[in-house]
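First up is the structure itself, then whatever we jot down about it.
Only the coordinates and a few stated rules stand behind these numbers; no lab work does. Keep in mind the model is a prediction, meaning the values are calculated, not measured. All Cβ positions, even for glycine, are placed from backbone atoms using ideal geometry, and neighbour counts span all protein chains on display.
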There are 2 protein chains.
Amino acid sequence: MNPAAQAAPHVLVVEDDPHLAAGVLENLRAEGYEVSAASDGEQALAWLKGTRCALIVLDVMLPGIDGFGVCRTLREQGNNTPVLFLTARGDPADRVRGLESGGDDYLAKPFHLQEFLLRVRAILRRWDWYHSASATAATAVLSFGGNEVDFRAFRARAWNGEAQELTEKEAMILKVLAEHGGEIVSREDLLEKVWGYDVFPSTRTVDNFILRLRKRFERDPANPRHFLTVWGVGYRFLKDGEP
Amino acid sequence: MNPAAQAAPHVLVVEDDPHLAAGVLENLRAEGYEVSAASDGEQALAWLKGTRCALIVLDVMLPGIDGFGVCRTLREQGNNTPVLFLTARGDPADRVRGLESGGDDYLAKPFHLQEFLLRVRAILRRWDWYHSASATAATAVLSFGGNEVDFRAFRARAWNGEAQELTEKEAMILKVLAEHGGEIVSREDLLEKVWGYDVFPSTRTVDNFILRLRKRFERDPANPRHFLTVWGVGYRFLKDGEP
DNA sequence: CAGGGCTGTGACGAATCGGTGACATTCCGC
DNA sequence: GCGGAATGTCACCGATTCGTCACAGCCCTG
């Protein structure tokens, strides 16, 4: 039930201003995260060669390679660790640049520490499955009712042998549901965990993805045995018909 | 009251509507949490000066300082207690405002009590690895006269082995009755604790739900042994047939 | 810039829940 | 016992929620 048995998430902070770095590190540590620090891009890249982490907090203005460059390099190396950019400028174009270079979120200085922590939490929640979960072979593949889903490739084979190509959202929703196997997951939970805390598709969107998952994996989509509706709240996923 | 209350998380509810407050408090108590209440922001801040708690349930619309203000003040004071906002408006922008003022989660009224409890559990679980205490447990499962009820999933297995899917109101009424096991609970009590806020249905509505519960769980619904009528007052729940 | 997959929305019917009222039944005081 | 009140029981209606489909943007690819 509780996948949180894992160790505390590890966060790397890349920041050249020692004061800001100290404050950020302190707060992250107080939140219970493991923390490491780097003061420029090359140091960060070197560190990341040998170690994986759950999140990189990356200042844009760094001596040497700037934050965008660091992030782009990482992505080119196939490293998909989530990146939260920090920048002094409030220019919206920077946000776009940040996202284009492969970042996941963006925060303009000066920021409230509380908001910073909020974003960290949101990103880690959203990307949890991708790293901690898919890194583990156990949860990389999910079997239920004759179906088999491989989350690494977004590929599945349905009970009737049919090959299925899941989309990203489909896979993420399924993943979140499966991780809370047996427990109720509200639509809002799904929205937050799959889409993020500041995106607001209507809750009907969730219903539609459930519909698609049922079509893919239920023998009788009209009488679901795995993707169950909890009236007025959300959905519940069961691997087996009736536990 | 609760034997395992040793490490029960303490929740502060800040809500000016007494009906809603009563419903929320009752349900949190039934889940096994320690609870306290405040009816406005200043009262809450004063209380929090002297005491720590695991979670603050904070209405946005309060007399005097509003919820956002209370939360912001707390954060400025270095208080990082998780905050769950309640608000009448469904505006997504409010959600962002809530989160950015330092809240951890957000729920729009009118909400289903089940979803509310879901979120409380989620936040406290998130906080658990930090405090490493086990927490909750609570009255998740109730057994009586061969029946077994799982309040988390609103599912039950009746004495005859039949699977039952409880509705939200059915489950809530049963939970309140069971929580006051053996004691008389008046219809007005039930209305307040289960419905909590918003609407006040007639007392006959309560009778109807009692009827449904009897049909589900009594061997002989006409001669109830668990859901007893106290004539002129209300109802009484007994786990065992003989008092 | 044309085409195709992914995503999100709106619309509409179906299903469910909650709540009410009508009537039968039971209980209480007399 | 008798009458009135409270409760048991049922059937039904409105509101909400959900399932389902069709379609319109969007982004990427060619």
Notebook entry, point to check: How much length is gained on full extension from residue A:207 to residue A:155, taking 0.36 nm per residue of separation minus their Cα-Cα distance?
Noted result: 16.6 nm
Checklist line | In degrees, nearest ten, helix B:203-217 long axis to first principal axis of chain B (Cα) | finding: 60 degrees
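How high is the relative contact order of region A:1-72? Use alpha-carbon pairs under 8 Å, at least six apart in sequence, and give a whole percent.
Details: 99 pairs, mean separation 26.6, N = 72.
Taking the mean separation of contacting Cα pairs over the length of region A:1-72, I get 37 percent.
Assuming R0 = 22 Å, what is the FRET efficiency of residue A:167 and residue A:143, from their Cβ-Cβ distance, to the nearest 0.05? Each step should come with its number before you reach the end.
On the way: r = 20 Å, r/R0 = 0.92.
The computed FRET efficiency comes out at 0.65.
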Check: Which of A:193/A:239; A:109/B:109; A:215/B:193; A:193/B:239; B:49/B:109 have a Cα-Cα distance over 30 Å?
Finding: A:109/B:109; A:215/B:193; A:193/B:239
Check: Across 5 Å bins from the origin, how do the percents of Cα pairs in region A:34-79 run, short distances first?
Finding: 5, 22, 38, 25, 9, 0
Item checked: region B:138-243, dipole about Cα centre (Lys/Arg Cβ +1, Asp/Glu Cβ -1), debye to the nearest 20 -> 220 debye
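Using a cut-off of 12 Å between beta-carbons, work out the net charge of the residues near residue A:73 (Lys and Arg +1, Asp and Glu -1, residue A:73 not included). Before the final figure, lay out the partial values.
Numbers: positive: A:49, A:72, A:75; negative: A:42, A:66, A:76.
Net local charge, residue A:73 excluded: 0.
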Next item on the list: Starting from the amide H of residue B:85, placed 1.01 Å from N in the peptide plane, find each other amide H under 5 Å away whose residue is 5 or more places distant or on another chain.
Entry: B:58, B:104, B:105, B:106, B:107
Next item on the list: Might you report the magnitude of the Cβ-based charge dipole of chain B about its Cα centre, with Lys and Arg at +1 and Asp and Glu at -1, to the nearest 20 debye?
Entry: 540 debye
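Fewest Cβ neighbours within 10 Å first, please rank A:154, A:237, B:144 accordingly.
Working: A:154 16, A:237 24, B:144 19.
The fewest-first ordering by Cβ neighbours comes to A:154, B:144, A:237.
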Notebook entry, point to check: Roughly how many nanometres apart are two label points built 7 Å out from the Cα toward the Cβ at residue A:26 and residue B:200?
Noted result: 5.2 nm
Margin query: Tell me the angle of helix B:41-50 to the major Cα principal axis of chain B, expressed in degrees between 0 and 90 and rounded to the nearest ten.
Written below: 90 degrees
Note to self: Using a 7 Å offset from Cα along the direction of the beta-carbon, what are the separations from residue A:42 to the same position in each other copy, nm, ascending?
What the structure shows: 6.0
Notebook entry, point to check: Can you give the Rg and Dmax of region A:157-243 based on its C-alpha atoms, in angstrom?
Noted result: 12.5, 39
Next item on the list: Among the aspartates and glutamates, select those whose C-alpha is under 12 Å from the C-alpha of residue A:175, and discard any that sit fewer than 8 residues away in the same chain.
Entry: A:128, A:150
Check: Hey, what's the Kirkwood Rh for chain B if you take every pair of different alpha carbons, in angstrom?
Finding: 19.1 Å
